Amino acid sequence: MLRNYIKTAFRSLIKQKVYTGINVIGLAVSITASLLIVLYVKHELSYDKFFPGADRIFKMVLERKYPNHVTHYSVVPHSFAKAMQQDFPEVEGTLHLFGPNKNSVITYKVSDTEIKTFEEDYFLQSDSSFFNFFDLDLVKGDKSTALTSPNQVIISETTAKKYFGNDDPIGKILGGDFGEVKVTGVFKDLSDNSHLRFDFLGTIGGQFAQFLKRDNYTAFDSHTYIKLKSGTDAKALESKFPKMVDTYAAAHIEHDLGKSWEDYKKAGNGYVYTLQPLTSIHLDPTNLELTITPSGNLKYVYILSFIAILIVVIACINFMNLSTARSAERAREVGVRKVMGSIRSQLIIQFLTEAILLSFVGMVLAIAGVYMLLPSFNDLVEKQLQLVFSANLILALAAFTLIIGVLAGLYPAFALSSYNPVVVMKGNFSGSSKGAWLRNGLVVFQFMISIVLIVGTIVIGQQMKFMQNKNLGFNKEQVLMVKRAFALDKKTETFVEEIRRMSETQSVASTSSIVGNRDDFFGQQFQPEGSSEILTVKSMVMDDDFAGVIGFELKEGRLFTKETNDSLNILLNETAVKTMGMTDPVGRKLSQVNNNPDGSKTTLYFTIVGVIKDFHFQSLRDEITPLVIYDKELFGKQGGSAYVAARLKPNKFREAISKIEMKWKEMVPEQPFKYEFLDENLKQGYLEEQRSGKLFAVFSSLAIAIACVGLFGLSAYTASLRTKEIGIRKVLGSSVGGVVILLSKDFTRLVLIAFVLAVPLSWWMMDTWLKGFAYRVDLGVNSFIVAGILALAIAWLTVSYQSIKAAIVNPVKSLKSE
């Protein structure tokens, strides 16, 4: 029996090649798009789940409350790990990770005459408990001893190949920024669905190990992980953290600031520590600073999942509309079948079989499409997604095929099988008003979603353009940032002067930070004179010329100059002045308490010599916060400079870079030369939004295109029902244009209804998305008007073919049965 249903369905579909082709292509495209999205979403949701005991591993993170703002940190004071193991029996173990250490120089002495030098961005340091948390697969070395002593390091397989070729790396000595370290293990390259990323994992030794032995409950320095004993309630443990902070951090605050802990909290300061599940780190929506790897975005995962569902639903709606477009033709078939003895259940099964067969063919084509498009899709999302067949995947695809077939075919099956054979055999068949309402409702739904997607694409594009073109308060163009300037040590000033003399440069300076890079600034605490308030701010260091190079705008006072000793002078941004409540800040003093190695304290007094207009020194996702700028003179000739900034002359970039590199190699030949243009660095900070914007645009376009297929089907159905009416109108003198307008009028009404329904939904969705940015575009009416016009234009173009086709038919042919 089933074989007969399949054979009949196959013959019916082959007979209607155009109908079958449109449906198969629509289903194949929609399933392809949905499978690609599913692969991406599945990958995003799979982060770190492959580690044994992942459900018991948590990361300690911090919500730092300041009097005027809140910042979330991924790093915490390292001593809290020891405190938790001492005080909380439910904690099984703790782990410290430090880094990643970017731009690290690693050397390997091949022979007495040859030293290889490499620059690495993914060097992490760990304590000895790493393998208790993250069970890496060592291909060489022993886990029990690989990370138990100071100055040991394990490396990835790719790194081992790069450094040592086919030689055995175990026991080899590496040098560079971390001193001499011995290779004790080689691990398989990390999967890209982990928040951890490193090519080197070293143990802690030297002065850093001594530093970690000192108690620290206030400075944020460690990625701290906690493994809980089985059955422990993480939330219950979290509830004990406030008391832990009171117990351990209070004394440090009172010692460092000379202010009582209670007064410090009453002023608006606070430390809220929470446990972040390991498997939630990648998609945590908190916008944490100083993460090991950039976080994903949970909102985009939800949005893309929603689009995947919509694409499938729209494809199913298309099938319904195209099936009803053929209802006049198939009504006679139903009548004949019923006259010949077929019962309704048999007809329902027959029509469902056709739908499932179409779904199966669409699925086969979709799988081929996924394999063909996956390399390009991986380039777009910067992942290594794969479609690997397994028993579970085959079952899932089979279930997906069946569900799509049933969803698409259910309404046509019941609708077509319900026709009265007496009526249809007389030739008096016409669609029911109930069916018309349903079909029109489905088209309204399709275009409502299409308009929402168009609005989303427009707004995301506007926000990306806004961030790229917004006035940041400084000039980001033509600025070359030479990295690792600290390697120059006391030669920094000489290097700067040498570059300044080059004809290809306009101005040159040194600085501690890349403006616009949120993780490149350090925290400091100041107390204004005559006030008991402690102000926590972001800070940076620059030399006397940096403000001119970068183009800061002075509001009042002066900038640092070569003619004055500014070692104890500082610059503030406008927000810092407002936060301190100062009306005349120039000349006022701020005090800062520094702890000495012997435990004593030294108080420094800094004089405010100028106020710089607010500029976006962090991401546009973050509101501008108080900033204090030190002069490099405070740190001596060798301190405070991590970068050299050179503003280059137009059309001189290649020559300038070549000359600067030659000068670098002349002064520090053992150090690699690395640079980046400031505007390119800033773009890197918004890669996630750019990728998501492209994904949204691509899949939204697909959804809209698939929706047009449904409209095409409905227009064909409408034209077929009104064939005789059109013939009569043409006999009575109607023009082709008049007929086209007549047929397009109903669809225009449907699009307008969809527009009215889509506006509030799209406004709510995009307003929610834009709230993730401190600086954002306004949701003006233009985006909605453009989306409505586009949807209407798309509808008219889609309908026009069927309308013109119906309008140009000879009325004699349309009325011959009369």
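The values are calculated or read from the model by the stated rules, or taken from the named source; none is laboratory data. All figures in this text were calculated on a predicted structure; none of them were measured in a lab. Heads up, the Cβs are rebuilt from the backbone with ideal geometry, glycines too, and the neighbour counts pull from every protein chain shown. Remember, those area values only see protein heavy atoms, side chains included, never the ligands or the DNA or RNA. Shrake-Rupley method; radii C 1.70, N 1.55, O 1.52, S 1.80 Å.
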**Fill in**
In region 256-294, residues that are of a type outside the set (Lys, Arg), out of contact with any strand residue (DSSP E or B) (no Cβ under 8 Å at 6 or more places or on another chain) and touching a residue at least 40 places away in the same chain (Cβ under 8 Å) total 9
**Prompt:** Considering region 459-498 alone, what residues qualify as being farther than 29 Å from Leu554 by Cβ and among the hydrophobic types (A, V, I, L, M, F, W, C)?
**Reply:** Val459, Ile460, Met464, Ala487
**Message:** Could you go through region 159-166 and let me know if any residue there is at pLDDT 90 or above and open to solvent by 70 Å² or more (accessible area, probe 1.4 Å).
**Reply:** yes
**Prompt:** Restricting region 91-102 to residues that are more than 13 Å from Asp221 (Cβ to Cβ) and not in a loop (DSSP other than H, G, I, E, B), which is most open to solvent (accessible area, probe 1.4 Å)?
**Reply:** Glu92
**Asked** In region 198-235, what residues are open to solvent by less than 80 Å² (accessible area, probe 1.4 Å) and free of Cβ contacts under 8 Å to residues at least 40 places away in the same chain?
**Response** Phe211
**Asked** Do you know which residues across region 546-563 are surrounded by fewer than 21 Cβ atoms within 10 Å (Cβ to Cβ) and over 35 Å from the mean Cα position of the chain (by Cα)?
**Response** Leu554, Lys555, Glu556, Gly557, Arg558, Leu559, Thr561, Lys562, Glu563
**Message:** Name the single residue that is most open to solvent (accessible area, probe 1.4 Å) among those in region 38-54 being assigned to a helix (DSSP H, G or I) and more than 20 Å from Glu92 (Cα to Cα).
**Reply:** Lys42
**Prompt:** When you scan region 506-522, how many residues do you find that are open to solvent by 10 Å² or more (accessible area, probe 1.4 Å) and assigned to a strand (DSSP E or B)?
**Reply:** 3
**Prompt:** Does Asp566 count as of a type outside the set (Ser, Thr, Tyr) and open to solvent by 10 Å² or more (accessible area, probe 1.4 Å)?
**Reply:** no
**Message:** Which residue is modelled with the highest pLDDT, if the candidates are limited to region 213-232 and must be among the basic types (Lys, Arg) and assigned to a loop (DSSP other than H, G, I, E, B)?
**Reply:** Lys229
**Message:** Just to be sure before I move on: is Phe447 of a type in the set (A, V, I, L, M, F, W, C), part of a loop (DSSP other than H, G, I, E, B) and at pLDDT below 85 in the structure I sent?
**Reply:** no
**Request:** Could you pull out the residue among His195, His252 that is surrounded by 13 or more Cβ atoms within 10 Å (Cβ to Cβ) and in contact (Cβ under 8 Å) with a residue 60 or more places away in the chain?
**Result:** His195
**Request:** List the number of the failed condition for Glu180; all other conditions in (1) farther than 18 Å from Leu147 by Cα; (2) surrounded by fewer than 14 Cβ atoms within 10 Å (Cβ to Cβ); (3) in contact with a strand residue (DSSP E or B) (Cβ under 7 Å, 6 or more places away or on another chain) hold.
**Result:** (1)
**Request:** Consider Thr457 carefully, then state whether it is under 24 Å from Ile657 (Cβ atoms) and in a helix (DSSP H, G or I).
**Result:** no
**Item:** Filter pass, Lys745 being charged (D, E, K, R), within 30 Å of Leu288 (Cβ to Cβ), open to solvent by 70 Å² or more (accessible area, probe 1.4 Å) and at pLDDT below 85
**Value:** no
**Complete:** Those residues of region 55-90 which are under 21 Å from Leu196 (Cβ atoms), assigned to a helix (DSSP H, G or I) and open to solvent by 10 Å² or more (accessible area, probe 1.4 Å) amount to Asp55, Arg56
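Every residue, every condition in (1) over 14 Å from Gln506 (Cβ atoms); (2) under 38 Å from the mean Cα position of the chain (by Cα), yes or no:
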| site | (1), (2) |
| --- | --- |
| Leu627 | yes, yes |
| Ser641 | yes, yes |
| Arg647 | no, yes |
| Pro669 | yes, no |
**Item:** Candidate set from region 140-157 (those that are part of a strand (DSSP E or B) and either free of Cβ contacts under 8 Å to residues at least 12 places away in the same chain or within 9 Å of Phe187 (Cβ to Cβ) (or both)); member that is most open to solvent (accessible area, probe 1.4 Å)
**Value:** Lys140
**Asked** Give me the pairs: first residue in region 469-489 and farther than 15 Å from Val508 by Cβ, second residue among the β-branched types (Val, Ile, Thr), beta-carbon distance under 7 Å, and six or more apart or on different chains, which are they?
**Response** Phe474/Val515; Phe474/Ile550; Ala487/Val668
**Fill in**
Leu298 vs (1) aliphatic (A, V, I, L, M); (2) under 30 Å from Ile451 (Cβ atoms); (3) over 26 Å from the mean Cα position of the chain (by Cα): all pass except (3)
**Fill in**
Scanning region 192-229 residue by residue, the ones that are under 14 Å from His96 (Cβ atoms), polar (S, T, N, Q) and over 26 Å from the mean Cα position of the chain (by Cα) total 2
**Asked** Of Thr536, Thr492, which residue is open to solvent by less than 70 Å² (accessible area, probe 1.4 Å), outside any strand (DSSP E or B), of a type in the set (Ser, Thr, Tyr) and at negative phi?
**Response** Thr492
**Message:** Quick check on Arg332: is it at pLDDT below 80, among the basic types (Lys, Arg), surrounded by fewer than 18 Cβ atoms within 10 Å (Cβ to Cβ) and within 30 Å of Val799 (Cβ to Cβ)?
**Reply:** yes
**Within region 664-686, tally of residues that are crowded, with 17+ Cβ neighbours inside 10 Å, modelled with pLDDT of 90 or more and part of a helix (DSSP H, G or I)** = 2
**Fill in**
Of the residues in region 89-104 that are touching a residue at least 60 places away in the same chain (Cβ under 8 Å) and under 27 Å from the mean Cα position of the chain (by Cα), the one that is nearest to Phe178 (Cα to Cα) is Ser104
**Request:** Would you mind telling me which numbered condition in (1) modelled with pLDDT of 85 or more; (2) surrounded by fewer than 17 Cβ atoms within 10 Å (Cβ to Cβ); (3) of a type outside the set (Phe, Trp, Tyr) Val455 fails?
**Result:** (2)
**Fill in**
In region 287-316, residues that are open to solvent by 20 Å² or more (accessible area, probe 1.4 Å) and either closer than 30 Å to Asp221 by Cβ or touching a Gly at 6+ places or on another chain (Cβ under 9 Å) (or both) total 11
**Request:** Considering only region 540-648, give the strands (runs of 3 or more DSSP E) lying wholly within it that have at least 3 residues that are touching a residue at least 40 places away in the same chain (Cβ under 8 Å) and more than 21 Å from Val482 (Cβ to Cβ).
**Result:** 554-557, 569-573, 589-595, 601-612
